[in-house]
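S.K.: Take a look at this one; I'll ask things after.
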Amino acid sequence: MISQTIAKELNVNEKQVDAAITLLDNGDTVPFIARYRKEVTGALDDQQLRTLAQRLNYLRELDARKATILKNIQEQGALNASLKTSILNAENKTLLEDLYLPYKSKRRTKAQLAKEAGLETLLDRIISKPSSNPKQLAAQFINKDKDFADIDTTLEGASTILSDRITEMPDLLQRLRSQLMDSASLKSSVTKGKTDEGQKFRDYFDYTERLKRIPSHRLLAQLRGVNEGILKVKLEIPDEEYCQQLSSRYLQLPRKGLGGEWLQAQTQQCWKSRLRPKLQKELIQQYKQQAENEAIQVFSRNLKDLLLAAPAGPKVTLGLDPGLRTGVKVVVMSTTGQLLSYTTIYPHPPKNQWDDSIDQLYKLCAKFKVELISIGNGTGSRETEKLVAEMLKKHADINAQKLITSEAGASVYSASELASKEFPDIDVTIRGAVSIARRLQDPLSELVKIEPKAIGVGQYQHDVNQQQLSEQLEHVVEDCVNAVGVDLNSASEALLTRVAGLNTALAQNITTYRNEKGPFTTRQELLKVPRLGPKAFEQAAAFLRIRNGKHILDNSSVHPESYKLVESIAKNQNTSIKELIGNQPILHELDPKAFVDQSTGLYTVRDILRELEKPGRDPRPEFKTATLLDGVESLSDLEVGMQLEGTVTNVTNFGAFVDVGVHQDGLVHISQLANKFVKDPHDIVKPGQIVSVKVTEIDPKRKRIALSMKS
């Protein structure tokens, strides 16, 4: 049943789902399955496998809950064939709990006390005899011993029973939810006395929109306003219309006679005091969940783009963490990311040591043959860039490229346990400059050390389910690391931890082994690492690379289990593996089907031949940088109509934010991304992309810049 459901949702074959479930239950990781078990799953990709694993967990939890509910209702002696079928067929947890509600053990409510006093019979009589006077009927059910001492309390007891009946009807709740989802509008208004304080939410001070049409970012913005006490939200529902429908269409209660009028009044009361608040809360929560899921997907896509951004490569890099009063922190990093030197300079007020700072930078660049200069984009960034530009102009013998680098999350890394372990004797502020330099050399290797939420490429990431967000982002990091591959002899513990099949303990054991025994020379040597067994080796080996190792394939994505196949291909062509690698004329002539056997399928053979063409290829793009306009360093320097170059820092459902070098990112609204209709901004831009923009509006008070990418 679970396999059928998932197969239908993913639009794949049920056998593919069954195979993937078996592998996942076996302890295989998603990156490993997606790359090296394509024959088994019919080439399900990592995204499909992630969705499959998520749905598998949900549906298994749903089945477990069904079993518990069936057992409880069975023990009450209330389970019948129809109810059992309904429970077994429930497609989600909300519907399942609706079905269970009447049988759930509750604290002793007014309705239960009323039932014990026999008032259910009174209610049934009012329904069956609507022309009768409810008060006269109630007089016959007065029970002082049960605290129903007069007509009013007796009728109130009957009313609570009716209210319980209404709110415990699963079909009714589903129909009402469906109708409200289609027709309800969400209205937000400003909380009294919060107008000045809540200016950033002023767009929603008096705002109404159909619930089903609200984009995720607008809903999350309004709910943030509610959490901060600035806004109030409610569903706009025509109460009278719903009460009428509830009574006549759904409950089919009589309307005429004194009894009918009493029933109508109680139904109205039930709607306003119980049903409406319950459904409003559920609907807003449901749409909030959908909006959160969208926001998490936006963050995931941005994070993936950021992690897979082009690396500048193994170049000696000068890292500058700008500061004004506190000075500019300076580090020099080797081609492999090792700290060679560090200092602090004070070119800006109040010390104004401009010439001395230029001299210090020059000496460092000359001594270590610096090729890249990475300047953090925080406070003092453009002033520090001016300093570097003057140094490069003054000293033409320094052939280094300067760049502005996002420092989002650098402070988080610098204060982390990982940074303390890596640089125990270095000040926190210097560690920040290290991160700024390294993330230019290799964004992936450096950013994995920072909690993904701190990297700052999300959409309302602090307003969503934090556990769900963390899990999703961890999956993104894992997929990116394994897509690129990891150098076994230089990777940090943080990077090794993200490799399929490894964990923190195994990553530590690998680095300890490496430090004690020296560099790994073969992948097989991994099996000598304490606690790294055959299963972990199977999952991790092909994602780990060894440059200049004993076996040439150890620096490729070919799995060790396929080395014999490569040997047979080389033998078939009367050549060696070394001569086969990169030999496109030979490789292009090979028929993959000729090498398929019982242990190796066509998908694997094709992947291997593709890898042999360019072993260890990096899927990341070519490194490029933006050229910021001189003289445009703050919001006040901007003018409407200016054409600027900038770097995309974040992409949301409503547009893209671009850093143009004024310490405040500008927004290219979705309507300004292109000359055509854009459904998804991610189709046009991604974080790290260099774009040309025009300034269309400047709002200094709210620190907002509107930009356009239209030609």
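Since every read-out is calculated from the coordinates, none of them should be taken as a lab result. Please read these numbers as outputs of a predicted model, since none were measured by experiment. Heads up, the Cβs are rebuilt from the backbone with ideal geometry, glycines too, and the neighbour counts pull from every protein chain shown.
S.K.: Which is farthest toward the positive dipole end of the chain among Val17, Ser216, Gln140, measuring Cα position about the Cα centre, with Cβ charges +1 (Lys, Arg) and -1 (Asp, Glu)?
M.R.: Final value for the positive-end residue is Gln140.
S.K.: Can you find, among Gly225, Leu162, Ala78, the residue farthest towards the positive end of the dipole of the chain? Put +1 on the C-beta of Lys and Arg, -1 on that of Asp and Glu.
M.R.: Comparing the listed Cα positions along the dipole, Leu162 ranks first.
S.K.: Also: Could you check the simple spin-label distance between Thr512 and Leu340, using points 7 Å along Cα→Cβ, in nm with one decimal?
M.R.: Between Thr512 and Leu340, the label points sit 3.3 nm apart.
S.K.: Give me the Kirkwood hydrodynamic radius of the range 504-613 in Å, from all C-alpha pairs, to one decimal place?
M.R.: Result for the range 504-613, one decimal place: 15.2 Å.
S.K.: Could you sort out which of Lys93/Lys288; Lys194/Lys234; Lys192/Lys281; Lys393/Lys694 sit more than 27 Å apart by Cα distance in this structure?
M.R.: Lys393/Lys694
S.K.: Across the range 635-708, how large is the tail of the calculated P(r) beyond 19 Å, expressed as a percent of all Cα pairs?
M.R.: In whole percent, the share of Cα-Cα pairs in the range 635-708 beyond 19 Å is 25.
S.K.: Expressed as a fraction of 2.2 N^0.38 Å, the rule-of-thumb size for a compact globular protein of N residues, what is the C-alpha radius of gyration of the range 366-457?
M.R.: That works out to 1.15 for the range 366-457.
S.K.: Give the whole-number value, in cubic angstrom per residue, of the convex hull volume spanned by the C-alpha atoms of the range 35-116.
M.R.: Dividing the Cα hull volume of the range 35-116 by its residue count gives 128 Å³.
S.K.: Now for a separate question. Within the range 598-694, report the GluC sites (Glu not before Pro) that DSSP leaves as loop and that have at most 12 other Cβ atoms within 10 Å.
M.R.: Glu622, Glu639
S.K.: Give the aspartates and glutamates reachable from Lys394 as a straight Cα distance under 20 Å; neighbours fewer than 8 places away on the same chain don't count.
M.R.: Straight-distance partners of Lys394: Asp355, Asp356, Asp359, Glu371, Glu383, Glu385, Asp630.
S.K.: Going Cα to Cα from Lys66, which aspartates and glutamates come in below 20 Å? Please leave out same-chain ones fewer than 8 positions away.
M.R.: Within the straight-line limit of under 20 Å, Lys66 reaches these aspartates and glutamates: Glu75, Glu91, Glu97, Asp98, Glu168, Asp171.
S.K.: Roughly what would the spin-label model give for Gln297 and Asp597, points 7 Å off Cα along C-beta, in nm?
M.R.: Distance between the two pseudo-spin positions: 4.4 nm.
S.K.: May I have the convex hull volume per residue, in Å³, for the Cα set of the range 172-300?
M.R.: 110
S.K.: Taking the Cα centre as origin and putting +1 on Lys and Arg beta-carbons and -1 on Asp and Glu beta-carbons, what dipole magnitude results for the chain, to the nearest 20 debye?
M.R.: 1240
S.K.: Ok, one more. If you wrap a convex hull around the alpha carbons of the chain, what volume per residue comes out, as a whole number of Å³?
M.R.: Taking the convex hull of the Cα positions in the chain, it is 234 Å³ per residue.
S.K.: With +1 on the Cβ of every Lys and Arg and -1 on the Cβ of every Asp and Glu, and nothing else charged, how large is the dipole of the range 504-613 about its Cα centre, in debye rounded to the nearest 20?
M.R.: Value, rounded to 20: 460 debye.
S.K.: Across the range 481-602, how many lysine pairs, 8 or more apart or on two chains, come within less than 25 Å at their alpha-carbon atoms?
M.R.: So the count of such lysine pairs works out to 14.
S.K.: Further question: Work from the charge dipole of the chain (Cβ charges, +1 for Lys and Arg, -1 for Asp and Glu, about the Cα centre) and give the residue of Pro254, Ile404, Met391 farthest towards its positive end.
M.R.: The one lying farthest along the dipole's positive direction is Pro254.
S.K.: I would also like to ask the following. Given R₀ = 22 Å, what would the calculated FRET efficiency be for Leu101 paired with Lys212, taking r from the Cβ atoms and rounding to 0.05?
M.R.: 0.30
S.K.: Taking the Cα centre of the range 115-227 as the origin, how large is its charge dipole in debye, to the nearest 20, when only Lys and Arg (+1) and Asp and Glu (-1) carry charge on their Cβ atoms?
M.R.: Around 660 debye, computed over the range 115-227.
S.K.: Return, ordered by residue number, the residues of the range 201-218 whose backbone nitrogen is under 11 Å from a label point located 7 Å along Cα→Cβ of Arg702.
M.R.: Answer for the range 201-218: 201-205.
S.K.: Check cross-link reach from Lys135 to the aspartates and glutamates: straight Cα distance under 19 Å, and skip same-chain residues fewer than eight apart.
M.R.: Within the straight-line limit of under 19 Å, Lys135 reaches these aspartates and glutamates: Glu120, Asp124, Asp147, Asp150, Asp152, Glu156, Glu261.
S.K.: Moving on to the next point. What do you get for Rg/Rh over the range 403-478 if you use C-alpha atoms and the Kirkwood form of Rh?
M.R.: Reported Rg/Rh (Cα atoms, Kirkwood Rh): 0.99.
S.K.: Kirkwood hydrodynamic radius (Cα pairs, Å) of the range 409-568?
M.R.: Here the Kirkwood hydrodynamic radius works out to 17.0 Å.
S.K.: Could you give each residue of the range 8-24 its phi-based ³J(HN,Hα) in whole Hz, using Karplus coefficients 6.51, -1.76, 1.60 with θ = phi - 60°, and x for Gly or Pro?
M.R.: So the J values, rounded to whole Hz, are 5, 5, 8, 6, 10, 6, 4, 5, 4, 5, 4, 5, 5, 4, 4, 5, 4.
S.K.: Which three extents, in whole angstrom, do the alpha-carbon atoms of the range 311-444 cover along their principal axes, largest first?
M.R.: Largest to smallest, the principal-axis extents are 39, 33, 24 Å.
S.K.: Ok, one more. Return the subset of Lys38/Lys686; Lys278/Lys686; Lys386/Lys703; Lys8/Lys106 for which the Cα-Cα distance in this structure is over 32 Å, preserving the input order.
M.R.: Lys278/Lys686; Lys8/Lys106
S.K.: Quickly work out the Lys351-to-Arg255 label distance, labels modelled 7 Å from Cα along the C-beta direction, and quote it in nm with one decimal.
M.R.: Here the modelled spin labels are 8.4 nm apart.
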